[in-house]
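Reading through the structure tokens given below for one structure.
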Amino acid sequence: MRKVELRPLDTNQPGLGQLVIIGWQGDNEGLAVDIQRNQDECFLQDDGEWRSNAFRFHLPALQPTTDGHLGAIVDGKIVDPLLANTHSTNMARVYGPDGTQVGQARLRLGKGLMPSGAQGSAPAVDDSAALDAPEPMPASEPPAATVPEPKTEPAPQPAEEPPAEPQPEPESSEPPGTSEPSGKGKRWLWILLAALILVAIVAAAAWFGLYMRDKNQPGLDEGSAVEEAVEEEASATEAPNPEPTEEADPIESTTESAPQAPAESEAVTAAAPCSLQRMGEVGELEFIQACTGNSSAEDNMLEVIADARDNNHCGVARRLYAHQALNGDAAAALAYAQEFDPAQHSPSACFPEADAETAIFWYETALGLDADNAEASQRLEELQG
């Protein structure tokens, strides 16, 4: 097993791909694979998310490909998440029927792969074809039929109803006697309303007079209450004045504030985004984001990684290696490969064992960034030979 590639099917169906295992010579059935991206070392899950726990996808039986290799058809659970970020690098590990790992290699994405969402492009043709339906334009006859209809409209005989204006007949209703009692009723209604208004005015005047008389009497009480409130406020403001005896404390406070200077200097040193002290103060992701965002530390990033590795900040060391290598730092990719190279491996808490496949992956990354890197080219040839 030398390489793993995800290629489009011959039919180029969206959401499907062929996982080709180049150089495979084992069983064709019962295989499984997990996929790990190197930028944060998370694994692809069945729901399309990336998490820290490994998840194995069980593959169907391998079938021969057109170029003589073996491959298995996979669906959107693998294709869609990988196409969501084509710039990331991923490692595929293959497991045999007994669950043991039988190989690993970098997972390459072939050209022409399409996500499941691309299926929506086909129905567009049918929709456009359906637009030909408006051809039944000869149905212009109905408008001709509608023309005579308005001609029948001018016969609105109901217009003759105006002569039926005998509606004023109620005015000519002979019971004139009834109009007189209605007029009398209205006059009594107006007299009653006038009386009520007069009573309301008299009541309002009486109430207003009593109100004004009562208002003038409590004025003295209100004034005294205001004066009492003013005196209370004055006493409240004067109360804190007799406490100036504590003015001697500022001398002690100045002496106590003096030792704060070293604390401030310590805060300054702790604020260094790539310092070893900072690694122990914040989480891994927060540290990496702050450190990689500091332009002054770009030239010393390998030293920062070495500090993290030597002080057992393994997550920081691995993620900084991957971040730098995947962002164009060929030296970081080469150094990361050497951490796994059996010929150059130095056991540590962060890299306890050598791993030739991982070393090959990062040597390939280094050559992709610097094709003239002789050391990476030589070690890659020896490891693959």
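The values are calculated or read from the model by the stated rules, or taken from the named source; none is laboratory data. All of these numbers come straight from a predicted model, not from anything done at the bench. Reconstructed Cβ throughout: ideal geometry from the backbone, glycine too, with neighbour counts over all protein chains shown. For the accessible areas, the whole protein counts, side chains as well, though only heavy atoms, and no ligand, DNA or RNA atoms are used. Shrake-Rupley method; radii C 1.70, N 1.55, O 1.52, S 1.80 Å.
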- [ ] State which residue is nearest to residue 41 (Cα to Cα) when the search covers only segment 336-375 and only residues that are buried (at least 19 other Cβ atoms within 10 Å of the Cβ) and polar (S, T, N, Q).
- [x] 358
Task: Matching option when the condition is within 36 Å of the chain's Cα centre (by Cα) and open to solvent by 70 Å² or more (accessible area, probe 1.4 Å), among 73, 78 - done: 73
Open item on the list: Just the residues that are under 12 Å from residue 320 (Cβ atoms) and not in a loop (DSSP other than H, G, I, E, B), please, taken from segment 272-289.
Closed with: 279, 284, 285, 287, 288, 289
Open item on the list: As an exercise: evaluate residue 61 against (1) hydrophobic (A, V, I, L, M, F, W, C); (2) out of contact with any His (no Cβ under 8 Å at 6 or more places or on another chain); (3) within 23 Å of residue 87 (Cβ to Cβ); (4) open to solvent by less than 50 Å² (accessible area, probe 1.4 Å) and give the number of the one condition it does not meet.
Closed with: (3)
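Any residue in segment 12-24 that is surrounded by 17 or more Cβ atoms within 10 Å (Cβ to Cβ) and of a type in the set (Gly, Ala, Ser)?
Looking for residues that are surrounded by 17 or more Cβ atoms within 10 Å (Cβ to Cβ) and of a type in the set (Gly, Ala, Ser), one finds at least one in segment 12-24, hence yes.
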Open item on the list: When you scan segment 76-90, do you find a residue that is in a strand (DSSP E or B) and of a type in the set (A, V, I, L, M), even just one?
Closed with: no
- [ ] Could you run through segment 1-51 and say how many residues are modelled with pLDDT of 90 or more, within 17 Å of residue 358 (Cα to Cα) and acidic (Asp, Glu)?
- [x] 2
- [ ] Would you mention how many residues in segment 46-58 are surrounded by 12 or more Cβ atoms within 10 Å (Cβ to Cβ) and either of a type in the set (Phe, Trp, Tyr) or under 20 Å from residue 20 (Cα atoms) (or both)?
- [x] 4
- [ ] Evaluate segment 119-127: report whether one residue or more is among the hydroxyl-bearing types (Ser, Thr, Tyr), open to solvent by 70 Å² or more (accessible area, probe 1.4 Å) and at pLDDT below 90.
- [x] yes
Open item on the list: Can you tell me how many residues within segment 301-318 are surrounded by fewer than 22 Cβ atoms within 10 Å (Cβ to Cβ) and assigned to a helix (DSSP H, G or I)?
Closed with: 10
